[in-house]
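Note sheet for the following structure.
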Amino acid sequence: MGLVEKVTEVLYEVIDPELGINIVDLGLIYKVDVKENNDVIVTMTLTTPGCPLHDSIVGGVESAIYFLDEVGKVDVQLVWKPAWTPEKMSDKAKTVLMG
């Protein structure tokens, strides 16, 4: 398993505290890049720009990735375009939230 896959896998452990669903199934992770020196860049968004749990979620992402021994530095880039919409959620997350 490559490092991109390992990073994506540990991000399933980061739960949005308000919704109780992991950030991957919520569709908040847009891209995971790994540089030659194993530095990881995660491009992600949040459900709303004014999300009060911004620091908690971003900190959770960083902590989860740093858990992997082979990772160098972690850079979480928060973007607002494209904006998050419920359509970005996995079928699993949609079932949990919308029945």
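Where a number appears in this text, it was derived from the coordinates with a stated rule and is not lab data. Quick caveat, the model's predicted, so the values are computed rather than measured. Please note: Cβ atoms are built from the backbone with ideal geometry, for glycine as well, and neighbour counts cover all protein chains shown.
Distant-in-sequence amide contacts of Val14, defined by a placed amide H-H separation under 5 Å and a gap of 5 or more residues or a different chain, comprise Ile23. Each other residue within a Cβ distance under 12 Å of Glu62 adds +1 if Lys or Arg and -1 if Asp or Glu, for a net charge of -1. Full extension of the chain between Tyr66 and Leu3 gives 21.5 nm of extra length, using 0.36 nm per residue less the Cα-Cα distance. The local environment of Leu19, defined by Cβ-Cβ distances under 14 Å, has a net charge of 0 under the rule Lys, Arg +1 and Asp, Glu -1. Computed over the chain, the range of Cα coordinates on each principal axis works out to 41, 27, 21 Å, biggest value leading. Between Lys94 and Trp80, the distance separating the two model label sites (each 7 Å from Cα on the Cα→Cβ line) works out to 2.7 nm.
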